[in-house]
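All remarks here apply to the structure that follows.
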């Protein structure tokens, strides 16, 4: 199974090289040029990797880190044109496969760095969710106050 996962990760992330450079890329940025369908290849493979990690009882913090890598990859891929360039440099599939191999039982325990990474991203995501709520409440209060003043006048 790992041999097949390596083959797919390499195909998606780093099979080809830009001539005259050390920059490697796979078919992921090329597939993402196909509207709709192309953006599914990497997330589907990420789901396969995460499912395999769960079957191998990889620690949950590592599975969370793999999911975050996949989400960042999906977010990068959503940006037209720049996302294709970003896919060349953000190789989530290769990173997730390395995490899977390193932490599959019996494997390495999650490091403090893994926990810091997951909790930092979770905290940033929480802030991204809270900021629009706070701004919405503030705007509602300001509009309510302006409306009250207009009605009272």
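The values are calculated or read from the model by the stated rules, or taken from the named source; none is laboratory data. Owing to the predicted nature of the structure, the values given are computational and were not obtained by experimental measurement. Here Cβ is always computed from backbone atoms with ideal geometry, including for glycine, and neighbour counts include all displayed protein chains.
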Subset of the stretch 127-153 [at pLDDT 85 or above and either outside any helix (DSSP H, G or I) or under 30 Å from residue 66 (Cβ atoms) (or both)]: 127, 130, 131, 132, 133
Some residue of the stretch 119-130 being closer than 30 Å to residue 27 by Cα and crowded, with 19+ Cβ neighbours inside 10 Å: no
Positions within the stretch 103-115 being surrounded by 11 or more Cβ atoms within 10 Å (Cβ to Cβ) and either touching a strand residue (DSSP E or B) at 6+ places or on another chain (Cβ under 7 Å) or free of Cβ contacts under 8 Å to residues at least 12 places away in the same chain (or both), in sequence order: 108, 111
